[in-house]
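Peer 1: Mind looking over this structure? Questions follow.
The values are calculated or read from the model by the stated rules, or taken from the named source; none is laboratory data. The structure displayed is predicted, hence computed values, not measured ones. Quick reminder, even Gly has a Cβ in these numbers, built from the backbone with ideal geometry, and neighbours come from all protein chains shown.
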Amino acid sequence: MPAPNSNPKVLLDWATISYKSIMRGIVYLVLLLAAGGAVWYLQAARRTTPEEIALQEIGRAERMLREAQAAGRPEVARVVDSARKLLGAARLSYDRKDFAEARASAQQSQSFSRKALEGSEGEAFTARIYKHEGDVKIKRARQFVWDAIGSNSALRVGDQIKTASNGSAQIIYFDGTITTLKPGSLLEIRELFEDPTTRVRKVREKLARGGVSATTPEANVAGSFHEVATDTSTARSESRSQIDVAFDTATQRTRTEVHSGRAEVTTGTTRVTLKPLERIEVAGDAIVSRHTILPAPRLLEPADQRVFVREGAVGSRTVLRWSGQTGAVRYRLQIARTGLFGDLLLDKSDIKASSVQIPGLQPGHYYWRVSSVDPANVESPFSETRKFKIGDAAEIRADDKVPPPLEVVDFLPSGHMLIISGRTEPGAALSIDGQSVDVYEDGGFTAVIRLKRDGVNDLDIVAQDPAGNQARLRRQVYVESF
């Protein structure tokens, strides 16, 4: 403690900051801010615009066209010429700043170039999985690993696809055939071929287990066919046919049904032709039964895409009604949340009447179909699939004046078919070229559109939300027969 008379000591300290140091700090701060701005700009620049997407697709089309031209195969000269014309159309659309049309034309050009390249490799075109639900896996030819599958996955000869008990998938082939794999199935692609001279198209599949439903369009030339083989028989359909094939590995039995058109079934040295609504069963190399099956019931109510608006599910009932079938002793009703019926909400096969009341359905989309069963316990084909929606009144806003979003993501033409996918508002009604298209719970959609004519086809894509607002897109597709 200091003495009373002593003066207290005051300690002072300071630092000297030069003018140059201040200026240097300001410069560093400016540089830091500039660097941050540059990073932000580069990140923003990486957000792809419609113009950049169109330019990328045009660049990809240019590279593929060069490869197709370099192949120099006379039999694909017309295909290459179509690719060149479409690329020119894409460039013109880009110059007009119609970037959506430029992108679509460039993708079509790529499709034609791809056909030319695949044709030069001895395999006409490809197959694609364009829709799948639940657990679906693929094993590529000469590989040993099963991978999860994605929509629009391209397929080749030797690829195998399997579905779990809750899975289902649809394959579209270059000839227009659509094969639906049912739950618990294993299918191998055996042949995809088009003869460049005769234009005969061949699609062969091997069903190792489970079941498939196959729809074959009108054949482009006589001799084209689609074939499904099992360990005990082979079913071949040629034009405008719908067949079901099922194979039970435990009993080694194959069941083949013709719903429309005709099919030729071969087992051992026996060959039979099935007409519409005929079914046979084969065990080993012998036909063990042959039946006539009932026609599918016709669905009556509710109308397809019907929306029921309700205040709540409690106490509400949804009535489903179909036409009665002469000779039917009961009906089978299936209801699912998804259009391929991979995961069923209801599978009731003991319905005696031609209508049911379903109580307490929660808001959402529902798909339904019905088959009939005769006294011999033989089941008919399923009816067409219909969809209805249970909507909550609170979801519909009277003041909603905003059109639904509408975006085309994939635009993949192949001959007279177009695989198109995109997104719109969940719950919207969608039509493409006048054809009603299913919209999933998340707003996504995928459809196969059969194009009506050679040359330019104009497609009108319309989405309408529950409030009645519409969004519309127009696209052009170029088709040339070969």
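Peer 1: Spot the failing condition for PRO426; the list is (1) free of Cβ contacts under 8 Å to residues at least 40 places away in the same chain; (2) in a loop (DSSP other than H, G, I, E, B); (3) within 15 Å of the chain's Cα centre (by Cα), and only one is missed.
Peer 2: (3)
Peer 1: So the check is Cβ under 7 Å with 6+ separation or different chains; which pairs have a first residue in the range 402-413 that's assigned to a loop (DSSP other than H, G, I, E, B) and a second one that's of a type in the set (Val, Ile, Thr)?
Peer 2: If the second residue must be of a type in the set (Val, Ile, Thr), the pairs left are PRO404/THR424; PRO405/THR424.
Peer 1: Can you find, within the range 373-384, the residue that is farthest from GLU257 (Cα to Cα) among those that are polar (S, T, N, Q) and crowded, with 17+ Cβ neighbours inside 10 Å? Walk me through it before giving the result.
Peer 2: Filtering the range 373-384 down to residues polar (S, T, N, Q) leaves 377, 380, 383.
Still in the list and also crowded, with 17+ Cβ neighbours inside 10 Å: 380, 383.
Numbers: SER380: 9, SER383: 15 Å.
The selected residue is SER383.
Peer 1: Taking only the range 156-169 into account, find how many residues are part of a strand (DSSP E or B) and surrounded by fewer than 22 Cβ atoms within 10 Å (Cβ to Cβ). Before the answer, list the steps.
Peer 2: Step one: list which residues in the range 156-169 are part of a strand (DSSP E or B), which gives 160-163, 168-169.
Imposing the further condition that a residue be surrounded by fewer than 22 Cβ atoms within 10 Å (Cβ to Cβ) reduces the set to 160.
Going through the range 156-169 one residue at a time, the tally reaches 1.
Peer 1: I'd like the residue in the range 222-243 that is closer than 19 Å to PRO295 by Cα and surrounded by 21 or more Cβ atoms within 10 Å (Cβ to Cβ) and, out of all such residues, is modelled with the lowest pLDDT.
Peer 2: Residues of the range 222-243 that are closer than 19 Å to PRO295 by Cα, as a first pass: 240-243.
Pick out the ones that are also surrounded by 21 or more Cβ atoms within 10 Å (Cβ to Cβ) and you get 241, 243.
Numbers: SER241: 94, ILE243: 97.
Checked the range 222-243; the qualifying residue modelled with the lowest pLDDT is SER241.
Peer 1: Any idea which residue in the range 129-149 is modelled with the lowest pLDDT, counting only those that are within 16 Å of the chain's Cα centre (by Cα) and more than 14 Å from LEU187 (Cβ to Cβ)?
Peer 2: TYR130
Peer 1: Could you check, for the range 416-425, whether at least one of its residues is touching a helix residue (DSSP H, G or I) at 6+ places or on another chain (Cβ under 8 Å) and modelled with pLDDT of 80 or more? It would help to see each step written out before you state the result.
Peer 2: Residues of the range 416-425 that are touching a helix residue (DSSP H, G or I) at 6+ places or on another chain (Cβ under 8 Å), as a first pass: none.
Among the residues of the range 416-425, not one is touching a helix residue (DSSP H, G or I) at 6+ places or on another chain (Cβ under 8 Å) and modelled with pLDDT of 80 or more, which makes the answer no.
Peer 1: Taking the options PHE247, PHE193, name whichever one is farther than 30 Å from ASN166 by Cα, aromatic (Phe, Trp, Tyr) and surrounded by 15 or more Cβ atoms within 10 Å (Cβ to Cβ). Please lay out each step first, then the result.
Peer 2: Values: PHE247 fails: farther than 30 Å from ASN166 by Cα.
Of PHE247, PHE193, the one residue that is farther than 30 Å from ASN166 by Cα, aromatic (Phe, Trp, Tyr) and surrounded by 15 or more Cβ atoms within 10 Å (Cβ to Cβ) is PHE193.
Peer 1: So, ALA328, is that one farther than 21 Å from SER165 by Cα and out of contact with any strand residue (DSSP E or B) (no Cβ under 6 Å at 6 or more places or on another chain) or not?
Peer 2: Values: farther than 21 Å from SER165 by Cα: yes; out of contact with any strand residue (DSSP E or B) (no Cβ under 6 Å at 6 or more places or on another chain): no.
No: the conditions fail for ALA328.
Peer 1: Scan the range 326-355 for residues that are among the acidic types (Asp, Glu) and under 30 Å from PRO426 (Cβ atoms) and report the count.
Peer 2: Residues of the range 326-355 among the acidic types (Asp, Glu): 343, 347, 350.
From the residues that got through so far, the ones that are under 30 Å from PRO426 (Cβ atoms) too are 343, 347.
Final tally of qualifying residues: 2.
Peer 1: Continuing with this model, one more query. Going residue by residue through the range 178-191, is there one that turns out to be among the polar types (S, T, N, Q), part of a strand (DSSP E or B), in the same structural domain as GLU281 (by TED's automatic domain parsing) and out of contact with any helix residue (DSSP H, G or I) (no Cβ under 6 Å at 6 or more places or on another chain)?
Peer 2: At the first step, the residues of the range 178-191 found to be among the polar types (S, T, N, Q) are 179-180, 185.
After this cut, where a residue has to be part of a strand (DSSP E or B) as well, the list is 179-180.
Now restrict to residues that are in the same structural domain as GLU281 (by TED's automatic domain parsing): 179-180.
Next cut, out of contact with any helix residue (DSSP H, G or I) (no Cβ under 6 Å at 6 or more places or on another chain) only: 179-180.
Looking for residues that are among the polar types (S, T, N, Q), part of a strand (DSSP E or B), in the same structural domain as GLU281 (by TED's automatic domain parsing) and out of contact with any helix residue (DSSP H, G or I) (no Cβ under 6 Å at 6 or more places or on another chain), one finds at least one in the range 178-191, hence yes.
Peer 1: Filtering the range 335-364 down to residues that are surrounded by 19 or more Cβ atoms within 10 Å (Cβ to Cβ) and in contact with a Leu (Cβ under 7 Å, 6 or more places away or on another chain), which residue is farthest from ASN166 (Cα to Cα)?
Peer 2: Among residues in the range 335-364 that are surrounded by 19 or more Cβ atoms within 10 Å (Cβ to Cβ) and in contact with a Leu (Cβ under 7 Å, 6 or more places away or on another chain), the one farthest from ASN166 (Cα to Cα) is VAL356.
Peer 1: If we keep just the residues of the range 304-350 that are aromatic (Phe, Trp, Tyr) and modelled with pLDDT of 95 or more, which is farthest from GLN362 (Cα to Cα)? I'd like the intermediate steps shown before the answer.
Peer 2: Of the range 304-350, the ones aromatic (Phe, Trp, Tyr) are 308, 322, 331, 341.
Restricting the remaining residues to those that are modelled with pLDDT of 95 or more gives 322, 331.
Details: TRP322: 22, TYR331: 24 Å.
Here the residue is TYR331.
Peer 1: Could I ask something else about it? Scan the range 125-139 and tell me whether some residue there is farther than 30 Å from SER380 by Cα and in contact with a helix residue (DSSP H, G or I) (Cβ under 8 Å, 6 or more places away or on another chain). Quick ask: steps written out before the conclusion?
Peer 2: Step one: list which residues in the range 125-139 are farther than 30 Å from SER380 by Cα, which gives 125-126, 138-139.
The next check asks that each one be in contact with a helix residue (DSSP H, G or I) (Cβ under 8 Å, 6 or more places away or on another chain); those that pass are 125-126.
Yes, some residue in the range 125-139 is farther than 30 Å from SER380 by Cα and in contact with a helix residue (DSSP H, G or I) (Cβ under 8 Å, 6 or more places away or on another chain).
Peer 1: Of everything in the range 269-293 that's in contact (Cβ under 8 Å) with a residue 40 or more places away in the chain and buried (at least 19 other Cβ atoms within 10 Å of the Cβ), which residue is farthest from the chain's Cα centre (by Cα)?
Peer 2: VAL282
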